[in-house]
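Colleague: First the structure, then my questions, so here it is.
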Amino acid sequence: MDEKLLELVDVSKKFDITEALKDINLYIRRNEFVTLLGPSGCGKTTILRIIGGFEQPTTGKVLFEGQDITSLPPYKRKVNTVFQRYALFPHMDVFENIAFGLNIKKIPNDEIEKKVKKMLELVNLSGYEERTIDSLSGGQQQRVAIARALVNEPDVLLLDEPLAALDLKLRKGMQIELKNMQQSLGITFVYVTHDQEEALTMSDTVVVMNDGVIQQIGSPEDIYNEPRNVFVADFIGESNILDGIMIKDYLVEFGGQKFNCVDKGFGENRPVDVVIRPEDVKIVGEEDGMLTGRVKSVIFKGVHYEMLVESQDYTWMIHSTLMEPVGKMIGLNILPDDIHIMAKGRRSHE
Amino acid sequence: MNRKSIIAYPYVIWMVLFIVVPILLVFYYGFTVDTGAGAKFSLENFRRFFEPVYLMVLLRSFALAALSTFICLLLGYPLAMILASKDFERKNIMLLLLIVPMWMNFLLRTYAWLTLLEKKGIINSLLSALNLPTINIIYTTKAVVLGMVYNFLPFMVLPIYTVLSKIDKSVIEAAQDLGANSLTTFKKVIFPLSLPGVISGITMVFMPAVTTFVISRLLGGGHYKLIGNLIEQQFLSVYDWNFGSAISIIMMIVILISMGILSKYEEVREGGGLL
């Protein structure tokens, strides 16, 4: 598990004058499910295209099992891609699409037939061999695209927002199926998405990106619980981000109150960003709260209520399963564990 | 009857006057002979066409048109590919160069070749000035084919270009991703996907090439007879409208059959063409 299968070393990419990627250093282990997560235009697809061989990095190297493959054309790489809009061959039927890669490798016909059949079973499309591509639904085309890539038994499967075009329910189902496939086949997945929930659900490792720079690499839990900067905190889930002052180790002041926290090493009386998740703000009676505020709005979100609470100098977003009426004064408490301190000026670079 | 159909009336009248009536007249003349005492139904005109002299003309027309179409395809496909490639910066200038000659009169363009190719024409003057051997292709098959290719090449390039530039780039990347090198990608993906354009191109070159009489008369000299010249002759010099009409009908049938075969093939391959 610790073996580095694929590695990007100091990779940067310029399109004309715009810098799409800046000094990307990233390695992917065998059998890992890595997700590149970020807003559109952050460079995540460019990384995928560099791994696939469709773009050349302006500087830097791509290593595969330690070998430099930077200038290797796509058809020589042991990597297959599931494209964003599937890119199925419209002039071929389902069988021919899936068999395309095997045919090129000159594998005997009976073996091709066996493999394609097995793949179709895997993606729940048995019996669809002779269907034309335009007679398939979006979800089915998506499965054909996955089967077409997987049948070649690649070492790495690249997926470029493969579920973006599907409706919510289908997307949830496919997330689980993809994860299962990845585990049962033992293939390394590199998955690109802008959907933070998708990233957290499926990945072993999440790479959060913004403006062509890697913001944080870590497990979904790390990324969610210990965001390294304000961008990550804001992008992964929702956050209350306040200006605060780190008075000394384990003590921070914000909203006019001093709070115990678990962070240290910022120095004394330093301005910091304080990040608190909406579900970590506890609602108590007005007189019991360290902070007080007035409920401004309440929205029912299904599992919880989303409330905006106006305190002295900040409007809090709070998720709670209990509803408080609009206009009521309430108290707010935050546990030391739930206060995340970030140094100022680390918003995008680090 | 609603208002929409009223708007269509001018077109219906136009069609009846200039398409239906002429075709009916052609059929009338084709299936009758002039006996002096009036017209009489007869298949004589058609029987006459199957004499070897005329069949040879038909065969020659088809052979020349097929050859020209083939050369157009050989020249046009790579040109269309260059035009369709994204990195080609001077694309608009090239497209313009391709289209501008089409703005000029067809006759004028063909006459221009006459001056170029003549025994003491521009090309030969240049060649002899450079002490090179002169070429002598005017009034030969070569000149006719050259004229056809020159005149009809844009009709081959444009439909292929249109289809090629519409091919989703990610489909090509998918082929490469699955292990296909450039040649295999072309054979298995790009060419099959461009077939509707190729078929449109073939149709648009072959049809005018097989019926042309101007090119063969100007560049082939008087002695080079194609089916178009034969028909023209029947109407304008021999005044045998009946035989001319019969040949026209036969051409119509032959063209309809070949268009039918082509469009059948196109249907299988899906995509829009001109038929």
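The values are calculated or read from the model by the stated rules, or taken from the named source; none is laboratory data. A quick note: this is a predicted structure, and the numbers were derived from the prediction, not measured. Neighbour counts are summed over all protein chains in view; Cβ atoms, including those assigned to glycine, are modelled from backbone coordinates with ideal geometry. Only protein heavy atoms, including side chains, enter the accessible area calculation; ligands, DNA and RNA are left aside. Shrake-Rupley method; radii C 1.70, N 1.55, O 1.52, S 1.80 Å.
Colleague: Could you say which residue among A:S297, A:S311 is surrounded by 13 or more Cβ atoms within 10 Å (Cβ to Cβ) and of a type in the set (S, T, N, Q)? Even if it seems obvious, please write down each step before you answer.
Modeller: On the way: A:S297 fails: surrounded by 13 or more Cβ atoms within 10 Å (Cβ to Cβ).
That would be A:S311, the only listed residue that is surrounded by 13 or more Cβ atoms within 10 Å (Cβ to Cβ) and of a type in the set (S, T, N, Q).
Colleague: Moving on to the next point. So B:L153 passes all but one of these: (1) in contact (Cβ under 8 Å) with a residue 60 or more places away in the chain; (2) within 13 Å of chain A (Cβ to nearest Cβ); (3) touching a Gly at 6+ places or on another chain (Cβ under 9 Å). Which condition number does it fail?
Modeller: It is condition (2) that B:L153 fails.
Colleague: Which numbered condition trips up A:F15, out of (1) more than 30 Å from A:V116 (Cα to Cα); (2) more than 14 Å from every other protein chain (Cβ to nearest Cβ); (3) open to solvent by 40 Å² or more (accessible area, probe 1.4 Å)?
Modeller: Going through (1) more than 30 Å from A:V116 (Cα to Cα); (2) more than 14 Å from every other protein chain (Cβ to nearest Cβ); (3) open to solvent by 40 Å² or more (accessible area, probe 1.4 Å) one by one, A:F15 breaks only (2).
Colleague: Here is a list of conditions, (1) out of contact with any Asp or Glu (no Cβ under 9 Å at 6 or more places or on another chain); (2) open to solvent by 30 Å² or more (accessible area, probe 1.4 Å); (3) more than 8 Å from chain B (Cβ to nearest Cβ), and A:P73 meets all of them except one; can you say which number that is?
Modeller: The failed condition is (3).
Colleague: Something else: Taking only segment A:45-59 into account, find how many residues are touching a helix residue (DSSP H, G or I) at 6+ places or on another chain (Cβ under 8 Å), open to solvent by 20 Å² or more (accessible area, probe 1.4 Å) and within 12 Å of chain B (Cβ to nearest Cβ).
Modeller: 2
Colleague: Ok, one more. If A:D280 passes every condition in (1) closer than 22 Å to A:V230 by Cα; (2) touching a Gly at 6+ places or on another chain (Cβ under 9 Å) but one, which one does it miss?
Modeller: Every condition holds for A:D280 apart from (2).
Colleague: Can you pull out the residues in segment B:237-257 that are over 17 Å from B:T212 (Cα atoms) and open to solvent by less than 40 Å² (accessible area, probe 1.4 Å)?
Modeller: B:D240, B:N242, B:F243, B:A246
Colleague: Does segment A:218-242 hold any residues that are in contact (Cβ under 8 Å) with a residue 24 or more places away in the chain and either in contact with a Leu (Cβ under 7 Å, 6 or more places away or on another chain) or assigned to a loop (DSSP other than H, G, I, E, B) (or both), and which are they?
Modeller: Those that are in contact (Cβ under 8 Å) with a residue 24 or more places away in the chain and either in contact with a Leu (Cβ under 7 Å, 6 or more places away or on another chain) or assigned to a loop (DSSP other than H, G, I, E, B) (or both): A:Y224, A:E226, A:P227, A:R228, A:N229, A:I236, A:G237, A:E238, A:S239.
Colleague: Oh, and also: Considering only segment A:86-94, I want to know if a residue exists there that is on the phi > 0 side of the Ramachandran plot, within 10 Å of another protein chain (Cβ to nearest Cβ), surrounded by 21 or more Cβ atoms within 10 Å (Cβ to Cβ) and not charged (D, E, K, R).
Modeller: Narrowing segment A:86-94 to residues on the phi > 0 side of the Ramachandran plot: A:86-87.
Restricting the remaining residues to those that are within 10 Å of another protein chain (Cβ to nearest Cβ) gives A:86-87.
Right, trim to surrounded by 21 or more Cβ atoms within 10 Å (Cβ to Cβ) and you get A:86-87.
From what is left, the residues that are not charged (D, E, K, R) are A:86-87.
Among the residues of segment A:86-94, at least one is on the phi > 0 side of the Ramachandran plot, within 10 Å of another protein chain (Cβ to nearest Cβ), surrounded by 21 or more Cβ atoms within 10 Å (Cβ to Cβ) and not charged (D, E, K, R), which makes the answer yes.
Colleague: For A:D234, which of the numbered conditions (1) farther than 22 Å from A:G41 by Cβ; (2) open to solvent by 80 Å² or more (accessible area, probe 1.4 Å) fails to hold?
Modeller: Condition not satisfied by A:D234: (1).
Colleague: Continuing with this model, one more query. If you take the residues of segment A:196-231 that are β-branched (V, I, T) and out of contact with any Pro (no Cβ under 9 Å at 6 or more places or on another chain), which of them is modelled with the lowest pLDDT?
Modeller: Residues of segment A:196-231 β-branched (V, I, T): A:201, A:205-208, A:213-214, A:217, A:223, A:230.
Cutting the leftovers down to out of contact with any Pro (no Cβ under 9 Å at 6 or more places or on another chain) gives us A:207, A:213-214, A:217, A:223, A:230.
On the way: A:V207: 96, A:V213: 94, A:I214: 95, A:I217: 95, A:I223: 92, A:V230: 88.
This residue is A:V230.
Colleague: Select from segment A:243-258 the residues that are in a strand (DSSP E or B), more than 29 Å from the chain's Cα centre (by Cα) and within 28 Å of A:S219 (Cα to Cα) and list them in ascending order. Don't jump to the end; show me each part of the working.
Modeller: From segment A:243-258, those in a strand (DSSP E or B) are A:243-248, A:251-254, A:257-258; that's our starting set.
Filter once more, keeping what is more than 29 Å from the chain's Cα centre (by Cα): A:245-248, A:251-254, A:257-258.
Selection gives A:M246, A:L251, A:V252.
Colleague: Any residue at all in segment A:60-69 that's surrounded by 18 or more Cβ atoms within 10 Å (Cβ to Cβ) and out of contact with any Ser or Thr (no Cβ under 7 Å at 6 or more places or on another chain)?
Modeller: Yes, there is a match, as at least one residue in segment A:60-69 is surrounded by 18 or more Cβ atoms within 10 Å (Cβ to Cβ) and out of contact with any Ser or Thr (no Cβ under 7 Å at 6 or more places or on another chain).
Colleague: Could you grab me the full set of residues in segment A:34-88 that are part of a strand (DSSP E or B) and over 20 Å from B:S170 (Cβ atoms)?
Modeller: So the first thing to find is which residues in segment A:34-88 are part of a strand (DSSP E or B), and the list is A:34-37, A:59-64, A:67-68, A:79-83, A:86.
Within segment A:34-88, A:V34, A:T35, A:L37, A:T59, A:G60, A:K61, A:V62, A:L63, A:F64, A:Q67, A:D68 qualify.
Colleague: Take the residues of segment B:53-104 that are in a helix (DSSP H, G or I) and of a type in the set (S, T, N, Q): which is most open to solvent (accessible area, probe 1.4 Å)?
Modeller: First, the residues of segment B:53-104 that are in a helix (DSSP H, G or I): B:53-84, B:91-103.
With the extra rule that they be of a type in the set (S, T, N, Q), the set shrinks to B:61, B:68-69, B:92.
Details: B:S61: 1, B:S68: 0, B:T69: 9, B:N92: 118 Å².
Among those that are in a helix (DSSP H, G or I) and of a type in the set (S, T, N, Q), it is B:N92.
Colleague: Something else about it: Counting residues that are open to solvent by 50 Å² or more (accessible area, probe 1.4 Å), charged (D, E, K, R) and over 30 Å from B:D87 (Cβ atoms), which helices (runs of 4 or more DSSP H) fully inside segment B:118-207 reach at least 1?
Modeller: Values: elements: B:122-129, B:141-166, B:169-177, B:182-185.
Ranges flagged: B:141-166.
Colleague: Return the residues of segment A:100-118 that are within 10 Å of chain B (Cβ to nearest Cβ) and open to solvent by less than 10 Å² (accessible area, probe 1.4 Å); say none if nothing qualifies. Steps first, answer last, please.
Modeller: Let us first name the residues in segment A:100-118 that are within 10 Å of chain B (Cβ to nearest Cβ), namely A:100-105.
The answer is A:F100, A:G101, A:L102.
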